[in-house]
Structures are given as structure tokens and as C-alpha cells.
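Values quoted throughout were computed directly from the atomic coordinates according to the rules given, and no laboratory measurement underlies them. Remember, predicted model here, so these are calculated numbers, not experimental data. Cβ coordinates were reconstructed from backbone atoms using ideal geometry, including for glycine residues, and neighbour counts include every protein chain displayed.
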Amino acid sequence: MAGVIAVTVSMAFAALIFTGPLTPFVFSGVGIMLLGSLVVGLVAGLTSSLPGLVAGVQDSTVVVLALVAANISQTMLPDASLEDVFITVSVTIALSTIATGALFLLLGVFNLGNLIRYIPYPVIGGFLGGSGLLLVFGALALMVGAPVSILQLGPLVDPGLFGRWLPGLVLAIVLLIAVRRSEHPLTVPGALAAAALVFFAALALLGVSIAEATAAGWLLSAPTATRGALGYPLPWTVLGRVDWSALGREVGNLAVIGVISGVNLLLNATGIEIATRNDGDLNHELRITGLANLLSGAGGGMGGAHILADSTLAYRMGGATRLVGVFLALVCGLVLALGGSLLSFFPTPLLGGLLLFLGLDFLITWVYEVRFRLSVFDYVMILVILVAMNVVGVLEGVGLGLALAVVLFVVDYSRVGVVRHVLSGAEYQSFVERPHLYRQLLRQKCDWLYILELQGFIFFGTANTLLETVRARLGNTARAQPHFVVLDFRQVTGLDASAVLVFTRLVQLVQTHDLTLVVTHLNPRCRRQLQRDVFKGESGDHWRIFPDLDHGLEWCEDCLIAIFHDVGLAARVRTAKQQLEDFLPRSERFMALFDYMAEGEYYQPELPCQLVGDLSAYLERQDLAAGVILIQAGEPAQGMYFLETGALSVEIPDCEGRLRRVRKVQAGAIVGELGLYLGNDATASVVVEEPGTVYYLARNALLRMERDDSALAAIFHKFIAQRLSEQVMDTTRILQALLD
């Protein structure tokens, strides 16, 4: 069945390409098509990762080649012989097949199969819709024997030619209705066979002989030399007769063939995966199809790729086997060797009707049905490409579509805000744990920090939006002026040259307002661009660069704390032991005061502070040097640490395996409490950043405290719960700001 379909389609495609002055060579053209179907079908069928694959000549590329052949004929005639025109066209087909095969092979070898998917969907739809309209006009031209196009519809309204194209139109409509109402594998072949019987019955009833029908153009006519095997000259034996200048003018259209063939291959391969519920390897499919096209082109054959409909048909018929490709090749090879005389009896209206059916099917799918799935702009783009391909040319139509897609992308992308989050010191602070006074002051003076998290690719339009956003904030007199404008580039993928100019203006803006611009998380490419043209070095009078947002905010907060110190707002750093001393006695005094108030007393007694002394019996003092790992991520938690002096860094690996600081703790901080309470493995590493002293509470020591002194353990747990609650509140505040 696959072989019969391949033969029929090859004849239709050959008739489309070798038409007009090239009509005498149509049977040689059928041979070119059949060789392509034979080689591509056999190689792809035997080596594909999708069993039951059917591969062959692609209709969309044939449309382009038909235009190429017409252009070459127009260029060479009447100065050259028809045979030289045919040789130039056949060599052009072979070279396009080899170039397409080389493209497939390179994409597959370098695993670049997914690159072809970046072509916008409306451009693909516009090309396929335009190809459908070209197929329609090509089919009509084949049947009426005269050129037909969107600008040349005269032959269709000629009353004397109605009888030439109306039967083909009726057949195309019957096929469209049949395939949409029935999925039976014999639907299309059966309809074609029935149409052939009706055609020859009509000839018999009208008393028209085969010779008369052939002379009138109702049957394919073949020269006497091609009545047997469908032979044609090998391209490499006739290179001296090729008009290279005429061929060179079509390089642009031939380049389109490679791109469109790749799109068709990958889209069809994906569709076959879905229809057959098999997972294929797209890069493998590119490699084997590339090899098949190279072999076909070397023999002068037509290129090809995966065919979705026929492959799905094979799967539904239970033919998900590599023998499908073998039998397809056998049928094509048999007709290639013996079919010249047989094919001369093939009715032209059947070929025209089949081409018309394919073209109308494309138009229904990509012009009518697709309108319900696309936006108005995308759908208009499809119509523009369709018209341009049929009025100006295929290459120009596709180029116009790509240009429109770029414009649409720029317009749509400019609507995506470059600023992902706008934050202040109230919602977002560094991971450095600071005394309570400093945290409160930083929240109160939150407007002194203006934080912008950026995203996406920044070009002139979005960069200018960023500049206007900062300018509007600096011009807002209802809020305090910021001391620092922080730009985080963690979600930025790149910059263009125009965006760099906007950042130069941004630096000038902060200089005018005597602010400091802090830039964080620059990727290497953005860093090189900005340091070359805007930020020359790591720091300047009005700008600073930091590796990440956390270190940038730490520096800003340190500068703000220095301002607090200048006005006398300095916090005394409380060690962990001092915090426990503050916490535990106050709890005892509060309970005692409550008791005395209940008895009518209004004085507070002096209570001994014995609980802290009792707690120290469970702690182990350790003096640590910089670089020591206190806690290793992934290892079981054995206890918690109370930092007396120095500084610790809490780090976790990011998606690239690099350690990222998520918390910096200073004197008075506690680490390891979650692992100790939950009994889980440590989720982060704790490293000594500045040498100092810690007190270590082991798991066994905590269990002993709970056993020996339950009152002390209860107050200690309350102290830890308060610290954890403060951390949860800080985290919640950040999350709320990021979600708004």
C-alpha cells in the first residue's frame, strides 16, 4: 500500500515540476521522484528509531522546486535546447537533495535537532498554507495545460476549459470528504481506483481511443525512448551542459527547501511519535534521513523525509515493522524499471485531482481550521505569507513572515516587564544576621534601599522602561530618597548594544542624585559588555559590582549602619550566653511578678540567676580558625552551635554545583538547631568565615538536660522557639514581597 501511494504521488509531483515546456520529460521526472522515494524510504525505514516509518518525497519542497524549474525554463528559453533545460533542472534537484542531506546530517551529528523548532509557528503555518495554494494552482495548470496563478486566473473562466479541470476538482472534493469521514486505509487508493474506472468507462462510452485521449492531453504522454524503464541522464555525466548562471539565481529558493524540509521532518517525526505512542530520537532521525538524501542526490534522485499520514496508516494497519520500507522500495524499483509503458495510461485528471486534494487539504488545515487556535495577529501573518508566496515568491514570502515574526516578538517581549520584583529594605534584607536594633532601623529606613530584580533579555525598549522606572522613583517626593539603587541580574539572559547605552544614562542619573548604583549577579557576557562600556572596573564613585544580591545588600546595609553610628544609634552585640542571661531571668521574674500581683504586692524581688550557670554545664566551648567546616551538608546533625565571637557562613550548592551563601551569622547566632530537633541530615554546610568561639550543645547533652532538669529544658526550648519564629517571620515577609 505504501509503495502504491508513493508511485502515485511521485507521478503527480513529477507532473507538477515538469510541466509546460518540460512536459516531454515528465516520465524522466517520475523516475527522479521514484528514485528518491526508493532510497529515502528504504534507508529511513530500515534504520529509523520509529518502526513502521514511511519516508518519501515531500509535497512542500516539490512546490518550491516547481517554481525553480519554471524560473530556469524562463531564463534559458528560447536560447537553449529543451534537453539542456531539463538537464539543468535535474542537476538542480540533485544538488538541492545533497545540500538538504548535508544539512540534516550536520544537525543530527551536532545534536541540533531542536534548533529548527525555533521557527515561529505562524511562519510555518503561512508557508504550508502558501504551499497549499501553490499546489492548487499547479494542479489546475496541469489539467488545463496553461499557467494558472493568483494573478492569472483567465484559464479557469474559459468555457472551453471547464471540462479539463472540473473532473479533477470533483475528485479532490470527494477525497476531502472521504478522508474526513473514514480512516480506513483503503479510502484514498480506493477512491483513485474508482475514479480511474469511471474515466476509462467515460472514454469507452464516448468512443475516444487511447491515442486520441493522449493527444488531447487526457493521458500522460511519454516519448518512445521512455516506454520501458524510466531512465534519465545521471547529473554527474552532463555537468558541462548545465546553465550555472540560471541555477545560481535560484540559490535563495533552494536554501528555503533545506529549512522547510527540516521543519517538516521534525514536525512529522514528533507527530509520528504521538500517533504511534513511540519515543524516537530526533537527532538520529536527522542523521539517517541526511544519509538517505545524500545517497539519493548522488544518483540524481529527489530528496525526502518522514511522511506523517503514511506512517500513521502503517501503524493502524498493524504494519509497525521495518518491512514497510523494504516493500515500498520494491514497488518503486519495479515501476522505475518497467513502468514507462504502464504509466502512459495514467489519466491526467487523476494526477491533477490528487494534487488539488493535497493543496485543498493544506488550505483547510492551515487557513480555515487554524484560525480558531491563533491570535488575530498570528492568523493575519499566515494570510500575509500565503499571499506573498503566491504573488512575489516563496523566498520573499517566508522572509516577510520571519520579519513579521521578529516584529511581533519585539512587540510582545516589550510588554513583558524587565523588572521582575520591586523591593525595599522592609521586604528584603541580606542573609547576614544582625542585632535586633539594626534590623528594626533597616526596616524603618526601608526606602533608603531601592531593589530591582531584572529578568529576560534586555534590549533598548525594555532597558528604557527600566530607566523610566528608576527616574519615576527618584522623582517621587512622597517617599524618602533612596541611598542605593540595587539592580540584580540573576534572571537576565543578555543585553544588546542599545541597552548598554541606556545603562550609561542610568549611571548619569544616579550621579545627578548623588546615589550609588549597586549591580549584582552579572553573567560573564553581561559583565564584559558593561565593564567595557559603562563600569570600568569593580567600583567607582557612584557604582559597585558584587557577585550576588546577598553580598551587594550586605555592603549597602553596612553603609547604612555606618550612618546610624554617626547619629549615635549603635547596637551592642549580644553573645549567645548574654542572650540566654537576658531571656531566662526575665521569664522567672515575670512569673514571680505575676504571683506577687495576685497577692496584692507591687514590688519585684531580686531573683538569683542560676539557670544560666546550670546551662553552661551542658555546653562545650570550641575555639575555631577560619575555613573550618562545622556542619557538612548531607551528614547527620549531631548538635547545635552558639556563636560567641567571629562569623559563620551557611552555604548550599546551586543548580550548577557552586556553593551559594544563604546566611551569614555573627556573634550571638545559633546554627544547627533544625537538624538537631528534626533529626534529619544537614541541608547546608556551615563554614567559619571569621575565627572565633562557639559553644556546642550535643544531642546527648540536650537529652540529658531534659532528663535531669526539665524546667531548664522547657525554658531553653522556649528560647529556641522564639529564635525560630523570628526567622520564619523574616522569611514570610520576603515571600510576601516576592509574590505581590
Given the candidates LEU356, LEU53, ALA472, the one whose Cα lies deepest towards the positive end of the charge dipole of the chain, counting +1 at each Lys or Arg C-beta and -1 at each Asp or Glu C-beta, is LEU356
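Rounded, prolate or oblate: which fits the stretch 480-543 when a ≥ b ≥ c are the square roots of the eigenvalues of the alpha-carbon gyration tensor, with rounded for a/c under 1.5 and prolate only if a/b beats b/c?
On the way: a/c = 1.79, a/b = 1.55, b/c = 1.16.
Note, shape of the stretch 480-543 comes out prolate.
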State to the nearest 20 debye the size of the charge dipole of the stretch 416-565 about its Cα centre, where the only charges are +1 on K and R beta carbons and -1 on D and E beta carbons. 240
Using only Cα atoms, locate the centre of the stretch 154-208 and the centre of the stretch 229-246, then give the distance between them in Å, rounded to an integer. 35
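What dipole magnitude, in Debye to the nearest 20, does the chain give about its Cα centre under +1 on Lys/Arg Cβ and -1 on Asp/Glu Cβ? Kindly include the intermediate steps, with their values, before the conclusion.
On the way: 47 positive and 61 negative charges, 345 e Å.
My answer is approximately 1660 debye.
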Quick check on the exposure proxy: order GLU620, GLU689 from fewest to most C-beta atoms within 10 angstrom. GLU620, GLU689
Could you work out how far helix 59-76 tilts from the main Cα principal axis of the chain, as a 0 to 90 degree angle to the nearest 10? 60
Can you give the local net charge around VAL174? Use residues other than it whose beta-carbon is closer than 12 angstrom to its beta-carbon, Lys and Arg +1, Asp and Glu -1. +2
Within the stretch 416-565, what percent of beta bridges assigned by DSSP are antiparallel, to the nearest 5? 25
Between VAL109 and GLU369, take the C-beta separation as r, use R0 = 30 Å, and let me know the FRET efficiency to the nearest 0.05. 0.25
Would you mind giving the average projected area, over all directions, of the Cα convex hull of the stretch 231-298 in nm² with one decimal? 6.4
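How much of the DSSP beta bridge set in the stretch 380-489 is antiparallel, as a percent to the nearest 5? Working shown, then result.
Values: 5 of 10 bridges.
Looking only at bridges with both residues in the stretch 380-489, the antiparallel portion is about 50 percent.
Order by neighbour count: SER245, SER90, SER28, SER182, fewest other Cβ atoms within 10 Å first, most last. The partial results should precede the final answer.
Values: SER245 10, SER90 28, SER28 23, SER182 13.
Fewest-to-most ranking of SER245, SER90, SER28, SER182: SER245, SER182, SER28, SER90.
Relative contact order for the stretch 443-506 using alpha-carbon pairs under 8 Å, separation at least 6, rounded to a whole percent?
Details: 76 pairs, mean separation 35.2, N = 64.
Relative contact order for the stretch 443-506 comes out at 55 percent.
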The distance between the Cα centres of the stretch 321-371 and the stretch 618-685, in whole Å, is 71
For q values of 0.10, 0.13, 0.16, 0.18 Å⁻¹, compute log₁₀ I(q)/I(0) with the Debye formula on a Cα-only model of the stretch 416-565, without solvent. -0.32, -0.54, -0.83, -1.06
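What order do you get for ILE93, ILE98, ILE382, ILE150 when you list them from fewest to most C-beta neighbours inside 10 Å? Write out the running numbers ahead of the final one.
Details: ILE93 29, ILE98 18, ILE382 25, ILE150 14.
Starting with the residue having the fewest Cβ neighbours, the order is ILE150, ILE98, ILE382, ILE93.
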Charge dipole of the stretch 416-565 about the Cα centre (unit charges at C-beta), most positive-ward option of LEU515, LEU423, ALA497: ALA497
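For LYS536 and GLU396 in one chain, what is 0.36 nm times their gap in residues minus the Cα-Cα distance, to one decimal in nm? Before the final figure, lay out each step's value.
On the way: separation 140, 0.36 × 140 = 50.40 nm, distance 4.47 nm.
Gain in length upon complete extension: 45.9 nm.
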Rounded to 10°, Cα long-axis angle of helix 497-512 versus longest principal axis of the chain: 20
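To the nearest 20 debye, what charge dipole does the stretch 78-204 have about its Cα centre, counting +1 at the Cβ of each Lys and Arg and -1 at the Cβ of each Asp and Glu?
On the way: 4 positive and 5 negative charges, 111 e Å.
Dipole size: approximately 540 debye.
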Do the sum for the chain: with -39,500 (n - 2.57) for every DSSP H run of n ≥ 4, divided by all residues, what is the mean residue ellipticity at 222 nm, to the nearest 500 deg cm²/dmol? -19000 deg cm²/dmol
Given the chain, what percent of its DSSP beta bridges are antiparallel, to the nearest 5? 65
Enumerate lysine pairs in the chain that are 8 or more residues apart or on different chains, then count those whose Cα atoms are under 28 Å apart. 4
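So if we plug the beta-carbon distance of PHE460 and ASP158 into 1/(1 + (r/R0)^6) with R0 = 45 Å, what FRET efficiency do we get, rounded to 0.05? Can you show the working numbers first?
Working: r = 56 Å, r/R0 = 1.23.
With a Förster radius of 45 Å, E is 0.20.
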Helix 187-206 versus the longest principal axis of the chain: what is the Cα-based angle in degrees, 0 to 90, to the nearest 10? 20
On the first, second and third principal axes, largest extent first, how far apart are the outermost C-alpha atoms of the chain in Å? 131, 60, 51
Is the C-alpha gyration tensor of the stretch 53-209 telling us rounded, prolate or oblate? Criteria: a/c under 1.5 is rounded; beyond that, a/b larger than b/c is prolate, otherwise oblate. oblate
Gap separating the Cα centres of the stretch 449-505 and the stretch 29-102, nearest whole Å: 54
